[in-house]
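The values are calculated or read from the model by the stated rules, or taken from the named source; none is laboratory data. As the structure is a prediction and not an experimental result, all values here were calculated from the model. Please note: Cβ atoms are built from the backbone with ideal geometry, for glycine as well, and neighbour counts cover all protein chains shown. Areas reflect the complete protein model, heavy atoms only, side chains present, ligands, DNA and RNA absent. Shrake-Rupley method; radii C 1.70, N 1.55, O 1.52, S 1.80 Å.
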Amino acid sequence: MAHRAEHEGGRGWSAWRIAGWSIPVLLLMLPAVAMQFTSEVNWTASDFVFAAVLFGSVGLAFELIVRKSDSLAYRFGAGLAVVAAFLTVWVNAAVGMIGSEDNPYNFVFGGVLFIALIGALLARFEPAGMARAMAVTAVAQVVAGAIGLTADPRSAVFSMGFGGLWLLSAALFWNAAREQGPAGSAR
């Protein structure tokens, strides 16, 4: 019984958790190793700290997702939202969503992430509310990208495509809400 409780809800160090936390470590090692062989990869200590914090945040988010719900639709929806947020931050920091990473317009995408976070908090991470929050986030992502069409059309269309990730997340949350049934009861 203690063994079962240890592994339910993502607790305990299963092979999946070990693999999941090993991936960020391996990803951080890639530029460190590449820097030994080429001058084209030139990360500073702050680059490694930024990446470690970002990867750690993603890992922690996945830990919380696994503990929140046993529904695969919920887990995939939340996972996809975390991936969309991660990619938004990473792309913005590396090259910028619109123009270069130094373009002040890119701060607009921080607003998109703020909408996702506030929506999730207001929804109390419940599936139906999360579906609505991710749908609103998808619209915000598309609007943010569309505003940038005049500045950099190709990058704007690329950033608008991230709206599809948020929308797919919303659809998965909606499916999780339907699985849950009325008033949060399990079917």
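Selection of region 31-50 for residues being under 16 Å from residue 94 (Cα atoms) and not in a loop (DSSP other than H, G, I, E, B) yields 31, 45, 46, 47, 48, 49, 50.
Output the residues belonging to region 86-115 that are small (Gly, Ala, Ser) and closer than 21 Å to residue 51 by Cβ. Working first, answer last.
Within region 86-115, the subset small (Gly, Ala, Ser) is 93-94, 96, 99-100, 110-111.
Scanning region 86-115 gives 93, 94, 96, 100, 110.
Within region 156-187, the set of residues being more than 27 Å from residue 97 (Cβ to Cβ), open to solvent by 20 Å² or more (accessible area, probe 1.4 Å), touching a helix residue (DSSP H, G or I) at 6+ places or on another chain (Cβ under 7 Å) and modelled with pLDDT of 95 or more comprises 175 only.
Does residue 76 count as modelled with pLDDT of 95 or more, open to solvent by 60 Å² or more (accessible area, probe 1.4 Å) and within 28 Å of residue 154 (Cα to Cα)?
Considered against the rule, which asks whether it is modelled with pLDDT of 95 or more, open to solvent by 60 Å² or more (accessible area, probe 1.4 Å) and within 28 Å of residue 154 (Cα to Cα), residue 76 comes out as no.
Taking the conditions exactly as written (modelled with pLDDT of 95 or more, under 29 Å from residue 154 (Cβ atoms) and not hydroxyl-bearing (Ser, Thr, Tyr)), does residue 51 satisfy them or not?
Details: modelled with pLDDT of 95 or more: no; under 29 Å from residue 154 (Cβ atoms): yes; not hydroxyl-bearing (Ser, Thr, Tyr): yes.
Judged against the criteria, residue 51 is not a match.
Looking across region 62-73 at every residue that is of a type outside the set (D, E, K, R) and open to solvent by 30 Å² or more (accessible area, probe 1.4 Å), the one that is nearest to residue 174 (Cα to Cα) is identified as 72.
Counting the residues of region 113-132 that are in contact (Cβ under 8 Å) with a residue 40 or more places away in the chain and either of a type in the set (Phe, Trp, Tyr) or crowded, with 17+ Cβ neighbours inside 10 Å (or both) gives 6. Checking region 134-155 against the condition returns a match, with at least one residue being open to solvent by 60 Å² or more (accessible area, probe 1.4 Å), under 30 Å from residue 67 (Cβ atoms), of a type outside the set (Ser, Thr, Tyr) and modelled with pLDDT of 95 or more. With respect to the conditions (1) within 15 Å of the chain's Cα centre (by Cα); (2) in a helix (DSSP H, G or I); (3) not basic (Lys, Arg), residue 171 lacks only one, and its number is (1). When we screen 106, 92 for residues that are under 26 Å from residue 47 (Cβ atoms), more than 16 Å from the chain's Cα centre (by Cα) and not in a loop (DSSP other than H, G, I, E, B), the only hit is 106.
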